[in-house]
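A quick write-up on the structure given underneath.
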Amino acid sequence: MSQTEPKPILFSGIQPSGHIHLGNYIGAMRNFKLLEDQYDCLFSIVDLHALTVRQEPASLRRQTLELAAMYIAAGLNPAESIIYCQSHVPQHAELAWILNCFTYMGELSRMTQFKDKAKKHQDNINAGLFTYPVLMAADILLYQTDVVPVGADQKQHIELARDIAQRFNAIHPGVFKVPEGYIPRQTAKIMSLTEPGKKMSKSDSDDSMISFTDTPPEIRRKIKRAVTDSDAEIRFDRRNKPGVSNLLGILSVCSGEKVDKICQRLEGKGYGALKEETAEAVVAMLAPVQERFHTLMEDKAYLAETLRNNAQRAQKLAQRTLQKAYKKLGLYQP
Ligand code: TRP
């Protein structure tokens, strides 16, 4: 982190569950490098959050390392940004307990993500799923965070984190910074390849999404099979031509060429040409990042060392806030 002017603090968390896909990469990870210049950043692999639904231990372990490698492959500098695992910093779970005592059942039961997940995992509506947003508030509040970039689906959780911070501060002033959420302007909505009316999602079928680790032949095959429509006109119209518009959006963000330019250029050429260009643009954009990713995955010792160091840096910051909270609450500190 910079030695000169202190920069505002940014916290971002991603769960190491499922695959990181093209939508995640374009919507979030690809832009992280730009944030590194403006903010002192923490990028947390929120493995404790992942436990709110059942995980296969070996997959969880592998996906945790993969996520660390992806952050670095995306261009982040782990000597600057703190890239670390949530479970390596015990202060997260400790502060979450405290904040549980400042959060109301009613608030948590109004969280739409809880309601959705409870419906989806009816055989395992555990208390962790219910208090998930409290752990998330702890993640953010531990570091005196100024800004939290999130998707629109996390906005309610950020509001709750702010409410908890304000409630706590009203009784015990000066402990937490009240964070601001910010929803980055979407460069392009990346939709499912098979059901282009829906967002590309980690929990959907493999053919519906391009995974960060897909090889060029896999990418070409999936895009070739992407749903389009029966008229052959290449035109951007999300409502009437969701599949074609999705491909145009993907091609545009990957190549940097404006959508109308692409439409002009490809006029009369048919969907085959659109698909081929889109696939090649995705392959070209991902190739250098994937190469760095694979090199990193071969150096497990480096990844382990990086995660260890960064957990220590995070612990130091987190402990300061936790200590302050304990003291203010009247927990006896010899
Ligand atoms: N709940 C977030 C998600 O599923 C992940 C997350 C956990 C997070 N803790 C966070 C995001 C803190 C931002 C800040 O996307």
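Look at (1) of a type outside the set (Phe, Trp, Tyr); (2) assigned to a strand (DSSP E or B); (3) away from the ligand (no atom under 11 Å from the Cβ) and you find that Lys189 fails only one, number (2).
Restricting attention to the stretch 15-51, which residues are without any contact (Cβ under 8 Å) to a residue 12 or more places away in the chain and hydroxyl-bearing (Ser, Thr, Tyr)? Quick ask: steps written out before the conclusion?
Step one: filter the stretch 15-51 for residues without any contact (Cβ under 8 Å) to a residue 12 or more places away in the chain, giving 34, 37.
Those that are without any contact (Cβ under 8 Å) to a residue 12 or more places away in the chain and hydroxyl-bearing (Ser, Thr, Tyr): none in the stretch 15-51.
Quick check, is Lys198 surrounded by fewer than 18 Cβ atoms within 10 Å (Cβ to Cβ), more than 16 Å from the chain's Cα centre (by Cα) and within 16 Å of the ligand (Cβ to nearest atom)? Write out each step before concluding.
Values: surrounded by fewer than 18 Cβ atoms within 10 Å (Cβ to Cβ): yes; more than 16 Å from the chain's Cα centre (by Cα): yes; within 16 Å of the ligand (Cβ to nearest atom): no.
Criteria not met by Lys198.
Does the stretch 36-50 contain any residue that is away from the ligand (no atom under 14 Å from the Cβ) and either within 24 Å of Gln113 (Cβ to Cβ) or surrounded by fewer than 16 Cβ atoms within 10 Å (Cβ to Cβ) (or both)?
Filtering the stretch 36-50 down to residues away from the ligand (no atom under 14 Å from the Cβ) leaves 36-38, 40.
Then keep just the ones that are either within 24 Å of Gln113 (Cβ to Cβ) or surrounded by fewer than 16 Cβ atoms within 10 Å (Cβ to Cβ) (or both); that gives 37-38.
Yes.
Residue-level check: of (1) in contact with a Ser or Thr (Cβ under 6 Å, 6 or more places away or on another chain); (2) within 30 Å of Ser255 (Cα to Cα), Ser205 misses just (1). Scanning the stretch 151-183 for residues that are over 25 Å from Lys316 (Cα atoms) and near the ligand (Cβ under 9 Å from one of its atoms), we see that the one that is surrounded by the fewest Cβ atoms within 10 Å (Cβ to Cβ) is Asp153.
With respect to the numbered conditions (1) of a type in the set (Asp, Glu); (2) within 16 Å of the chain's Cα centre (by Cα); (3) surrounded by fewer than 23 Cβ atoms within 10 Å (Cβ to Cβ), which one is the sole condition not fulfilled by Asp139? Result: Asp139 fails condition (3) only. Applying the criterion of at least 3 residues that are within 16 Å of the ligand (Cβ to nearest atom) and in contact (Cβ under 8 Å) with a residue 24 or more places away in the chain to the helices (runs of 4 or more DSSP H) found wholly in the stretch 56-143 leaves 57-73, 91-100, 112-120, 127-141.
Every number in this text was worked out from the coordinates using simple rules, so none of it is lab data. Only a predicted model underlies this, so the values are computations on that prediction, with no experimental measurement involved. For neighbour counting, all protein chains shown are included, and Cβ atoms are generated from backbone atoms with ideal geometry for every residue, glycine included.
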